[in-house]
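Below you'll find the structure, written out as structure tokens, and then a few comments.
The values are calculated or read from the model by the stated rules, or taken from the named source; none is laboratory data. Computed from a predicted model, the values in this text were never measured in an experiment. Cβ placement follows ideal geometry from the backbone for every residue including glycine, while neighbour counts extend to all protein chains displayed. Each accessible area value is taken on the protein alone, full model and side chains, heavy atoms only, with ligands, DNA and RNA left out. Shrake-Rupley method; radii C 1.70, N 1.55, O 1.52, S 1.80 Å.
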Amino acid sequence: MSISITETSKKHVNHNWSDSELEGSPGIERLVKRSNWLGSDQRITNTGGGNTSSKLIEIDPVTGEEVEVLWVKGSGGDLRTSKAENFASLYMTDLLALQKTYDAQPEKGPKTPAEDAMVGYFPHCTYNLNPRASSIDTPLHGFLPAKHVDHMHPNSVIAVAASRRSQELTKEIFGDEIGWVPWLRPGFELGLMMQREVEQDPSLKGLVMGQHGLINWADDDRECYELTLSLISKAAEYIESKDKGEDTFGGQKFETLSNDKKDDLLAELLPWLRGQVSQQKRFIGTVQSDPTILRFVNSNDAPRLAELGTSCPDHFLRTKIKPLYVDWNPKTEDLASLKEKLASGLEQYRADYQAYYEACKHDNSPAMRDPNPTVILIPGVGMIAWGKNKSESRVTAEFYNCAVEVMRGAEAMDEYIALPQQEAFDIEYWLLEEAKLKRMPAEKELARSVVLVVGAGAGIGKEVAHRVAKEGAHVVCADLNLDSAQATADELTGIYGQGIGVAGTGISGCGPAIGVSVNITDPDSIREAIKQTLLAYGGIDKVVVTAGVFLAPGLDGKNSEDQWKLTFDVNVRGSYNMVDAVRDIFKEQGLKGAIVLTTSVNGAVSKKGSLAYDTSKAAANHLVRELAIELAPNVRVNAIAPATVVEGSTMFPRDRVISSLAKYDIVYSESESDDELRSKLAQFYAQRTLTKSPITPADQAEAAYFLLSNQSSKTTGLIINVDGGLHEAFLR
Ligand SMILES: [Zn+2]
């Protein structure tokens, strides 16, 4: 078998190997590079899927002698983004000695407690106190004799692995040098099975793993890498030669909606659908509507294939055993009938899931998990995937994309078969998986939620965006100025990372924060901002409005007609418009929600010189109380009432600061910077308060966060003064 990378094979995989990039790198760095190269191509392996290893000679820290060490991708890593610290390291002699330990067990075999118990021995084999936990696939790498091993989840090879004639196809496509092993849950026994295969036929260079993927090896790392690529290409070329063209998935049954219609429909559907699947725990959505997924959901075979479920265990841990497909005609049926069909589909899905659990459970199985689907397929529209956060829901969508590619390949060559239900269950409810879930850190206060912050481009709004993101929220940064909204969103993405998922169409391919423009005096602009929010994340849980205007009166001390109008348009009607636009969404979701508006202590303290502003804020105070009544019981409406937050505020431009300094006879010089002048004014204001400290945007954000969080779940219709203590603003 030739392992050279030909031009045709480069069509199916990216060849990234570069000797010059590796020059002088130690063995572990070569392994990291190889892993990153492999993981960067979705056709080679999926996010988080597959693993790589090298058996390297290292120096023992105790004896100073040379020892053979297995470096293998550790538990929970991702090849594309892995660094050296993501690899576990084990003494080869110790790892191999575990076979004797296992052999001595009275009751052993696949899926026995003795097999699972072997995982507990891996830490004892650790080389050089490496804290990275070994993955369940460690024996596969350790028990194969070759120096370098790649285990990948390529769609093209999983298609071979998930075909009815998998074993024959393996021989037909790869010849004699690639063997085949039937499905076996990853673990110690699978490692032993592979070891036996190689003992029986030392000429083997790799194995197709039934229902799972590919594993191959070589004593030279470049040879191993290129073998991986050539095997994946061979499978892809074979599938291409059998491609059914127009008849793929039995041909098309439904037509795709136009982009505008699709987005309109999704914006109306998503909040309701999110509410339906979030009955136990909230989910964040990802929409996928590219031609590949549409060809599947629109096809004649989609209902049959969707029902079979996904094959690769990596896939279905996220996608669940099967997706929910809804038989709805986008051309002849409307949104109401889609909802009706989804409602009964969901009911059936939950019943099926319960039946699967009851039929497959063991005495010691963990309790049944959330029975709602994580993948929903709608003809003409595409796929909606759900996960506990944006990254997870994108991974879920990515995995079903993979499943579709696997089914396409398998159905082109032969017939797609899914993993037997019991095997799927034994992975999904594996006690080792359960232990892993239990070890996960507790979720943050605002995890699984979407917070829309109006005014996020600067000042209090920007601070609120940062505060809620810190608590795990997905943040929609909205501002009249799109660039500043986007800048805040970019800051948040920079801090919290884009996530590892790679799926999602259009804005749905986003990270933990997006920036949108909004003019709250314009209901159309609000509708568009909300639509983007829904397409990005599938719903909204909380809204904070910090946008407001202060228009200084003219020399006569009076506000003009236009100033009065704009002040009330933004400070009162704007907040109302925003709440009015989300109230139906909250209703559709049927989940608890919270709104925080921003008024001002000026709404309670009467004084000279800001009549329009002060009366608008008094109106806003009462708006909070009335909305609290209107939106009860599911949505709480509260407000923060700041006073004189000068730092970072767009309401205090340089000339307003200077005119205030002059008004209060505070000494200043024109040469002082904006920040110096602001700080002077803030110090002056601070002296008028009971606590004598300047009031910052962070103080406001903390109060807003409290009112959004569950800590204030019994509080609505309240306005909290965050003013440093102004006795004029005390309630009376
Ligand atoms: Zn695997």
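Points worth noting:
- FRET efficiency estimate (nearest 0.05) - Cβ-Cβ, SER203 to GLU66, R0 41 angstrom: 0.90
- Here each label is just a point 7 Å from Cα along the line to Cβ, and for ILE495 and LEU482 those points are 2.5 nm apart.
- Portion, in percent, of the accessible area of the chain that falls on carbon or sulfur, probe 1.4 Å: 51 percent
- Summary value for segment 1-129: 19 percent relative contact order, contacts being C-alpha pairs under 8 angstrom separated by 6+ residues.
- Once the Cβ-Cβ distance of GLU177 and LYS11 is raised to the sixth power relative to R0 = 30 Å, the FRET efficiency obtained is 0.85.
- Within the shell of other residues whose beta carbon sits under 9 angstrom from the beta carbon of GLY206, the net charge comes to -1, with Lys and Arg scored +1 and Asp and Glu -1.
- The stretch between LYS253 and LEU431, if pulled fully straight at 0.36 nm per residue, gains 59.9 nm over its current Cα-Cα span.
- Residue-count net charge about ASN216 - beta-carbon cut-off 9 Å; Lys, Arg +1, Asp, Glu -1: 0
- Approximating the spin labels as points 7 Å out from Cα along Cα→Cβ, the LYS558-to-GLU630 distance works out to 3.2 nm.
- Summed side-chain charge close to ASN86 - residues other than ASN86 whose Cβ falls under 12 Å, Lys, Arg +1, Asp, Glu -1: +2
- Among 407-415, 116-124, 582-590, the order from most to least packed when residues are scored by Cβ within 10 Å on average: 407-415, 582-590, 116-124
- Span-like helix ranges in the chain, DSSP H, alpha carbon extent 15 angstrom or more, Kyte mean at least -0.5: 27-39, 92-103, 188-200, 221-241, 390-413, 459-470, 482-496, 523-537, 611-631, 697-708
- When peptides 20-33, 619-632, 445-458 are ranked by their average number of other Cβ atoms within 10 Å per residue, the highest-first order is 445-458, 619-632, 20-33.
- Accessible area in the full protein assembly, largest first, 1.4 Å probe, for ARG467, ARG318: ARG318, ARG467
- As a calculated quantity, the FRET efficiency between GLU340 and LYS281 at R0 = 30 Å, using C-beta atoms, amounts to about 0.75.
- Subtracting the Cα-Cα distance of GLU528 and ARG304 from 0.36 nm times their residue separation leaves 76.9 nm of extension gain.
- The chain - Debye-derived log10 I(q)/I(0), Cα point model, q = 0.06, 0.09 Å⁻¹: -0.45, -0.88
- The modelled label-to-label distance between SER671 and THR101, using points 7 Å beyond Cα along the C-beta direction, is 7.5 nm.
- Counting DSSP beta bridges with both ends in the chain, the antiparallel % (nearest 5): 55 percent
- Taking the chain and dividing mean pair separation by its residue count, relative contact order in percent (alpha carbons under 8 Å, at least six apart): 10 percent
- Relative contact order for segment 173-308: 20 percent, from Cα pairs under 8 Å spaced at least 6 residues apart, divided by residue count.
- For a label point 7 Å along the Cα-to-beta-carbon line of ARG654, residues of segment 536-562 with backbone N under 19 Å: 552
- Residues of the chain: accessible area per residue with a 1.4 Å probe, Å²: 42 Å²
- One chain, two ends: LEU690 and PHE730. Fully extended at 0.36 nm per residue, the span grows by 13.2 nm beyond their Cα-Cα distance.
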